[in-house]
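Asks: Input: one structure, supplied below.
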Amino acid sequence: MQMHLHRYTYYHQLILLILAVGLLVALPTQAATLTAEQAYQKGKILHFQDRFEEAEPYLLQAGESGNASAYYLLANAGNPNRYLMGEKEYKYKKLAADNGHLAAMIGLIMPRSISPKKTYWRNQLLEILKPEIKNNNPLAMQLKNIMPSTGEDVVLSDVKNAAYAGHPRAQYFLARRYENGEGWFLLPGSREKEVAKLYEASARGGYRDALSRKLSRLIQEGKEKEGLTILDALIAKGDAQTLSTYGILISDLSLDLAPDWTYIDKVKGATYLKTLKDSMSPNSRDGMNQRMYERAKALLTAEEIQQVDQLTDEYLSTHTVYKQDGLDEFEYTVDNLHTALERWGGNAIE
């Protein structure tokens, strides 16, 4: 009996060892079973769920196939030092820029960049942007705005050019600058009218912060139905920041994010926070997602917690949650910059 036990144990361990080795060999090749575009899309989602190690093999495959945006994401994995560019970040931003990635070129000329060719990349980018700016391309104008030149803040006229050409983010920030007193208006009330027009154009263009501002205003004005229509559209996108902000507000966690907020639905708020917690890396925001959900959960009954679990499962069966701020711009390259005119030119302000 003892001999048979030893023989069984030996063969059992041998099988386990073979399986383990096979699994280790298979892991690095999982990304390779996908097309380059499939690998990029999978890696992108994982990256914006803060699952950087999981994303890396997929993004590497896509980058090696010529996807500049994949290299750009590899450069920005984790939290790079905001004051100094590391070697890994530089390596992948240069690869992205070599493949025509516009935001990577800007990254290489920023003050924190360690690139020895900042002037070269600045001149390259200006040459790319000039004909598009002449063609009134809103994104080209916005990219020129954020290029470092003298180290000074972007002048108001630069922001205005991009905003009136139709760039939603520029419209939002121009509205804020006007609201804070910048610019000169001759007629009484014209400043307020221009601010309102810019905020509305930014929301129409789909900029999240403008939509959130409009939503909060409608709730404060008692137009709950209209406001919730905007909220439902924002939540349907699966944007992590939206789920976090409105999960906290609707759960009534008293964090003073919006003192005038009045719409409370603790089950819905907890559901938003649970979908966020279940989707993002546990290390995302230093575990803040978990803590916020636990606070919201503590306000619920056992029956309500079951309801939250069910609603979360239903939502995640049809939606993918990840960070989406800026995703509408970071994939632009030399080859597709002209398409931004089709996308945002129709949102221009007369």
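Asks: So what is Rg over Rh here for segment 148-246, counting just Cα atoms and using Kirkwood for Rh?
Replies: Working: Rg = 15.2 Å, Rh = 14.7 Å.
Ratio of gyration radius to Kirkwood radius for segment 148-246: 1.03.
Asks: Another question, then. Given the C-alpha atoms of segment 152-192, compute the convex hull and give its volume per residue in Å³. Mind dumping the intermediate values first?
Replies: Details: hull volume 3.2 nm³, N = 41.
Considering the Cα atoms of segment 152-192, their hull volume per residue is 77 Å³.
Asks: At a 10 angstrom cut-off on C-beta neighbours, averaged per residue, how do the peptides 179-188, 267-276 rank from highest to lowest?
Replies: Numbers: 179-188: 9.8, 267-276: 25.8.
Taking the mean over residues of other Cβ atoms within 10 Å, the ranking is 267-276, 179-188.
Asks: Convex hull over the alpha-carbon atoms of segment 198-318: what's its volume per residue in Å³?
Replies: 111 Å³
Asks: As a test of the formula, what do you get for the chain when each DSSP H run with n ≥ 4 contributes -39,500 (n - 2.57) and the sum is divided by the residue count, at 222 nm and rounded to the nearest 500 deg cm²/dmol? Spell out each step's value before the answer.
Replies: Details: 18 runs with 224 residues, N = 350.
After summing the helix terms and dividing by residue count, I get -20000 deg cm²/dmol.
Asks: Before anything else, pin down the relative contact order of segment 129-194: Cα pairs under 8 Å, at least 6 apart, normalised by residue count, whole percent.
Replies: Details: 51 pairs, mean separation 15.7, N = 66.
Computed value for segment 129-194: 24 percent relative contact order.
Asks: To make sure I understand the rule: partners must be lysines, Cα under 28 Å from the Cα of K160, and not fewer than 8 residues away in the same chain. Which ones qualify?
Replies: Those lysines meeting the cut-off are K118, K130, K134, K144, K193, K197, K214, K323.
Asks: Right, next: What spacing in nm lies between the two simple spin-label points modelled at R112 and I146, each 7 Å away from Cα in the Cβ direction?
Replies: 1.3 nm
Asks: Report the relative contact order of the chain, percent, no decimals, based on alpha-carbon pairs under 8 angstrom and at least 6 residues apart. Each step should come with its number before you reach the end.
Replies: On the way: 438 pairs, mean separation 58.5, N = 350.
This gives 17 percent for the chain.
Asks: On the full set of protein chains, 1.4 Å probe, figure out the accessible area of L299 and give it in Å² to the nearest 10.
Replies: Its accessible surface works out to 80 Å², give or take rounding.
Asks: When the chain is treated as a GNM, springs tying every alpha-carbon pair under 10 Å, which of A163, A258, A103 comes out with the largest mean-square fluctuation?
Replies: Taking springs between Cα atoms under 10 Å, the residue moving most is A258.
Asks: Can you give the translational diffusion coefficient of segment 67-136 in µm²/s, computed by Stokes-Einstein from the Kirkwood radius over Cα pairs at 25 °C and 0.890 mPa s?
Replies: It diffuses with D of about 200 µm²/s by this estimate.
Asks: Which order, highest average first, do 189-195, 166-172 follow once you tally other Cβ atoms within 10 Å for each residue and take the mean per peptide?
Replies: Result, highest mean first: 166-172, 189-195.
Asks: For Q241 paired with E182, estimate the spin-label separation in nm (one decimal), with each label point 7 Å from Cα along the Cα-to-Cβ line.
Replies: The modelled label-to-label distance comes out at 1.8 nm.
Asks: Then there is this: Taking all protein chains as present, what is the carbon and sulfur share of the accessible area of segment 194-270, in % to the nearest whole number, probe 1.4 Å?
Replies: 48 percent
Asks: Ignoring ligands, DNA and RNA, what accessible area per residue does the chain give at 1.4 Å, in Å²?
Replies: Per-residue value: 55 Å².
Asks: How big is the shadow of the Cα convex hull of the chain, averaged over all directions, in nm²? Show your work: numbers first, answer last.
Replies: Details: hull surface 99.0 nm².
Projected area, direction-averaged: 24.7 nm².
Asks: Would you give the gap between the C-alpha center of segment 38-53 and the C-alpha center of segment 75-123, rounded to a whole Å?
Replies: 20 Å
Asks: Mean 1/r over all different Cα pairs, inverted: what Kirkwood radius does segment 248-350 give, in Å?
Replies: 16.3 Å
Asks: May I pose another question? Given the convex hull of the Cα atoms of segment 54-107, what is a quarter of its surface area in nm²?
Replies: Averaging across all directions leaves 3.4 nm² for the Cα convex hull.
Asks: I would also like to ask the following. Anything in the chain that counts as a DSSP H helix reaching 30 Å or more along its axis (C-alpha) with Kyte-Doolittle mean of at least 0.0? List them, would you?
Replies: 2-26
Asks: To continue, here is another question. Bin width 5 Å, origin at 0, all Cα-Cα pairs of segment 89-231: what percent of pairs per bin?
Replies: Once binned at 5 Å, the Cα pair distances of segment 89-231 give 2, 10, 15, 16, 16, 14, 11, 8, 5, 3, 1, 0.
The values are calculated or read from the model by the stated rules, or taken from the named source; none is laboratory data. Keep in mind that this is a model prediction, so the values were computed, not measured. Methodologically, a virtual Cβ is constructed for each residue, glycine included, from the backbone with ideal geometry; neighbour enumeration extends over all protein chains shown. Each accessible area value is taken on the protein alone, full model and side chains, heavy atoms only, with ligands, DNA and RNA left out. Shrake-Rupley method; radii C 1.70, N 1.55, O 1.52, S 1.80 Å.
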